[in-house]
Amino acid sequence: MASMRDIKRRKESVASTGQITKAMKLVSTVKLQKAKARAESNKPYFSLLYDTMCSILARSSDIDHRYLGTSDSKRKAVIAITSNRGLAGGYNNNIVKEITAAFTPKDTDIYALGKKGLEGLSRKGFRIAEDYSEVMNEPLYADAIHIGKNVLASYENGEVGEIYLAYTSFKNTVVQETNIIKLLPIDVNEIMQNVEIDTLTPMNYEPEADEALDMIIPKYINNILYGAFIEAIASENGARMQAMDSATKNAEDMIADLSLKYNRARQGSITQELTEIIAGAEAIS
């Protein structure tokens, strides 16, 4: 059985850790409220933009465009959005698991946003094409434009044939969902499943279709990226808040258990001292 001194030191250590996790939970809660409001305000625009693009592309099935067709390259590019910090439960590990299950390292390039995802995927053998981890400290729409431009350049140059986005969508404070979506090439047949076929009418482009899609699709990709940034930030803080809350409760349970053990050890020590005093008194008499 551990001594009273060891139990007391362990109890103090757990109490100190509990104070840290409680403080981190409060910080994450404040950050979550801001990120949650931002994510919820962006959802209507994000959803309407997606529906509009579905409608446009479903009416463009007969157009031959580089963003709508297949590429000769077999390599895939994955934009992986994680965080720069840990202590967020399974938030980062879930993205790494999803990418590892869906792609093979030999033909996949990773565009990493978040040090934790970069480190995890590097250990799995994936090639890191670009590191944009600093973006996740304070993501801006300009960052989405910059990353989208670079990834699209790789696609247009034939370096990669498919582009995917892996991120965590924010459902509510306690629920976050890992998603992998295909950005390019856009599968018109798949898009058409989201549009009522009976409502389709011919699409007239002004200027020409190629020129219009050259402007529309990159903007669509940039907005998808920016929406994913916002969702990921909210999800990260939600996951960290839950992880720190669980850690704080575990610390409280451990302190209660250690207090019980300390009291038992103290009671045993007192009993032993009394027994020794009584035995000594009887020996003298």
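The values are calculated or read from the model by the stated rules, or taken from the named source; none is laboratory data. All values reported here derive from a predicted model rather than from experimental measurement. Using ideal geometry, Cβ is built from the backbone for each residue, glycine included, and neighbour counts are taken over all protein chains shown.
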- Task: Would you mind stating whether Leu121 is modelled with pLDDT of 95 or more and out of contact with any Phe, Trp or Tyr (no Cβ under 8 Å at 6 or more places or on another chain)?
- Result: yes
- What are the residue pairs meeting all of these: first residue in segment 233-249, first residue farther than 17 Å from Ser13 by Cα, second residue aromatic (Phe, Trp, Tyr), Cβ atoms under 6 Å, and 6 or more apart or on different chains? Ala234/Phe170; Ser235/Phe170; Glu236/Tyr91; Ala239/Tyr91
- Selected residue (criterion: farthest from Ile255 (Cα to Cα)) from residues of segment 15-54 that are polar (S, T, N, Q) and free of Cβ contacts under 8 Å to residues at least 24 places away in the same chain: Thr52
- Message: Can you say whether Thr100 is of a type in the set (Ser, Thr, Tyr) and surrounded by fewer than 19 Cβ atoms within 10 Å (Cβ to Cβ), as far as the supplied structure shows?
- Response: yes
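Residues are listed down the side, and each one gets a yes or a no for (1) surrounded by fewer than 17 Cβ atoms within 10 Å (Cβ to Cβ); (2) at pLDDT 90 or above; (3) touching a strand residue (DSSP E or B) at 6+ places or on another chain (Cβ under 7 Å):
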{"position": "Ile230", "(1), (2), (3)": "no, yes, no"}
{"position": "Ala234", "(1), (2), (3)": "no, yes, yes"}
{"position": "Met244", "(1), (2), (3)": "no, yes, no"}
{"position": "Asn250", "(1), (2), (3)": "yes, yes, no"}
{"position": "Asp253", "(1), (2), (3)": "yes, yes, no"}
{"position": "Asn263", "(1), (2), (3)": "yes, no, no"}
- From Glu119, Glu98, Glu130, residue being without any contact (Cβ under 8 Å) to a residue 12 or more places away in the chain and not in a loop (DSSP other than H, G, I, E, B): Glu119
